[in-house]
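As structure tokens, the structure follows; a few thoughts come after it.
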Amino acid sequence: MGNLGVPPPPKAWVFALSAVPLVLLIAGAFELAGRSLGPNPIRELTHVTGKTALNMVLITLMVSPARALTGDPRWLRIRRMLGLWAFAYAALHLLIYIVLELDLDLRDLGRELAKRPFIWVGAAALVGLLPLAVTSTDRWMRRLGRRWQTLHWLVYPVAVLSVWHFWWQVKADIREPLLYAAVLAVLLAWRVWRRRRTHLARRTTIN
């Protein structure tokens, strides 16, 4: 694929930009700099952290196409950070829901799980992100060897579950989750095309 000559942003920029939604939420929670979380602050905290986690998952999946389009392998260096931010926002999303929304009431949680099955889908996505976050270090990469790459294919079902979780909880206007689903479909289709192209190239070389 072509080389566009576009380098990746510095890691410090990636970290700072990834932290912006969190900083804005904190500012809103304490009503700093004229910011507010609106009439339902807990719902806003839950919504923003969940959507940001989904955004981070999809942005993480965009790193490989960016690397292929630019021909610059340095893009892969920011993928780990993006993935860790995705896990952090997803974990915060769940924590806010359980602690602030449900007030740590396990009986209420049981009723919510029975009434809102999309919560199970979101929980499954978070469970899938957990081993990816734990094994994101160089030490785990060396320890797992080839199995590390196989394990990190979990990001694909995690992305599907994340979009599904978002879509399922929307009651009427599905335009936004439909957009997320379209972006994910393009990212997954690119990977299928890339693998088939690589496979055909290898067969042609062997023959």
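Side notes on the structure shown:
- Among the residues of the stretch 175-184, those that are hydrophobic (A, V, I, L, M, F, W, C) and surrounded by 12 or more Cβ atoms within 10 Å (Cβ to Cβ) comprise LEU178, ALA181, VAL183, LEU184.
- Condition met for GLY38 (over 21 Å from HIS93 (Cα atoms), of a type in the set (Gly, Ala, Ser) and loosely packed, with under 15 Cβ neighbours inside 10 Å): no
- Options VAL158, VAL192; residue that is among the β-branched types (Val, Ile, Thr), surrounded by 17 or more Cβ atoms within 10 Å (Cβ to Cβ) and either over 15 Å from ALA53 (Cβ atoms) or out of contact with any strand residue (DSSP E or B) (no Cβ under 9 Å at 6 or more places or on another chain) (or both): VAL158
- Qualifying residue in the stretch 58-68 (condition: touching a Gly at 6+ places or on another chain (Cβ under 7 Å) and at negative phi): yes
- Looking at the stretch 1-95, none of the helices (runs of 4 or more DSSP H) lying wholly inside it contains 2 or more residues that are of a type in the set (Ser, Thr, Tyr), touching a Lys or Arg at 6+ places or on another chain (Cβ under 9 Å) and farther than 24 Å from LEU129 by Cα.
- Positions within the stretch 108-133 being in a helix (DSSP H, G or I) and charged (D, E, K, R), in sequence order: ASP108, ARG111, GLU112, LYS115
- Check on TRP153, at pLDDT below 95, under 21 Å from ALA86 (Cα atoms) and under 16 Å from the mean Cα position of the chain (by Cα): yes
- Some residue of the stretch 76-95 being out of contact with any Leu (no Cβ under 7 Å at 6 or more places or on another chain), at pLDDT below 95 and either more than 16 Å from LEU17 (Cβ to Cβ) or among the aromatic types (Phe, Trp, Tyr) (or both): yes
- Which numbered condition VAL99 fails, given (1) out of contact with any helix residue (DSSP H, G or I) (no Cβ under 8 Å at 6 or more places or on another chain); (2) of a type outside the set (Phe, Trp, Tyr); (3) surrounded by 12 or more Cβ atoms within 10 Å (Cβ to Cβ); (4) closer than 22 Å to ALA133 by Cβ: (3)
- Listed conditions (1) among the polar types (S, T, N, Q); (2) more than 16 Å from ARG80 (Cα to Cα); (3) not in a helix (DSSP H, G or I) are all met by SER136, apart from (2).
For every residue, the table says whether it meets (1) under 13 Å from the mean Cα position of the chain (by Cα); (2) buried (at least 17 other Cβ atoms within 10 Å of the Cβ); (3) over 21 Å from VAL163 (Cα atoms).
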position	(1), (2), (3)
THR49	yes, yes, no
ARG67	no, yes, yes
GLY71	no, no, yes
ILE78	no, yes, yes
PHE87	yes, yes, no
ASP105	no, no, yes
ASP108	no, no, yes
VAL121	no, yes, no
LEU130	yes, no, no
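The values are calculated or read from the model by the stated rules, or taken from the named source; none is laboratory data. None of the values given here were measured: they were computed from a predicted structure. Every residue, glycine as well, gets a Cβ built from its backbone with ideal geometry; the counts of neighbours run over all protein chains shown.
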